[in-house]
């Protein structure tokens, strides 16, 4: 079975970026990708390995990486099946966002009315500001639409005892 692994490491001395690139290239048979920390003394390698179990995949990945960087200490390992990795990649990185036109369509109202909703303190805040206008997380807008008060007229005043 093929497993996707990620091996995080720390090195005893700062590493050269060219060296880390060479290590990643030496692991090309495993579709390796490398990161390096800002302090140049650590990073990670993501690679695919074939093994019977996740434990065997972790051991193989650690062996491949630590054998190429003298004195490196493995500080983290993650293993997931190739299917789980592919499913994770299929997920969007950012939430779906909507502008006034989409909000109006979701609510069945005009764009002008959608803009009026945005003035309501309970309406979701924008997550992105663009020159074309604010964008809000679609899920938050849908929830707001589902839970808003749609009774006609002004809200009733609450009376307080004096």
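The values are calculated or read from the model by the stated rules, or taken from the named source; none is laboratory data. Since the model is a prediction, treat every value here as computed from it, not as a measurement. So basically every Cβ, Gly included, is an ideal-geometry build from the backbone, and we count neighbours across all protein chains shown.
Observations
- Flag for residue 109 being surrounded by 13 or more Cβ atoms within 10 Å (Cβ to Cβ), more than 24 Å from the chain's Cα centre (by Cα) and at pLDDT 90 or above: yes
- Hey, residue 45 crowded, with 16+ Cβ neighbours inside 10 Å, in contact (Cβ under 8 Å) with a residue 24 or more places away in the chain and assigned to a helix (DSSP H, G or I) or not: no
- Members of region 112-127 that are surrounded by 13 or more Cβ atoms within 10 Å (Cβ to Cβ) and within 25 Å of the chain's Cα centre (by Cα): 123, 124, 126, 127
Conditions (1) in contact with a helix residue (DSSP H, G or I) (Cβ under 6 Å, 6 or more places away or on another chain); (2) buried (at least 19 other Cβ atoms within 10 Å of the Cβ); (3) free of Cβ contacts under 8 Å to residues at least 24 places away in the same chain, marked per residue:
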site	(1), (2), (3)
2	yes, no, no
7	yes, yes, no
19	no, no, yes
31	no, no, yes
39	no, no, no
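- Flag for residue 60 being assigned by TED's automatic domain parsing to the domain that holds residue 27, in contact with a helix residue (DSSP H, G or I) (Cβ under 7 Å, 6 or more places away or on another chain), within 30 Å of residue 15 (Cα to Cα) and surrounded by 14 or more Cβ atoms within 10 Å (Cβ to Cβ): no
- Extreme residue, surrounded by the most Cβ atoms within 10 Å (Cβ to Cβ), among residues of region 128-142 that are in contact (Cβ under 8 Å) with a residue 12 or more places away in the chain and outside any strand (DSSP E or B): 141
- Restricting attention to region 21-39, the residues that are part of a helix (DSSP H, G or I) and within 13 Å of residue 49 (Cβ to Cβ) total 2.
- For region 73-93, the criterion of being surrounded by 11 or more Cβ atoms within 10 Å (Cβ to Cβ), in a loop (DSSP other than H, G, I, E, B) and outside the structural domain of residue 131 (by TED's automatic domain parsing) is met by none of the residues.
- Complete set of residues in region 56-72 that are out of contact with any strand residue (DSSP E or B) (no Cβ under 8 Å at 6 or more places or on another chain) and assigned to a helix (DSSP H, G or I): 56, 59, 63
- Test: residue in region 94-101 that is assigned to a helix (DSSP H, G or I), at pLDDT 90 or above and buried (at least 18 other Cβ atoms within 10 Å of the Cβ): yes
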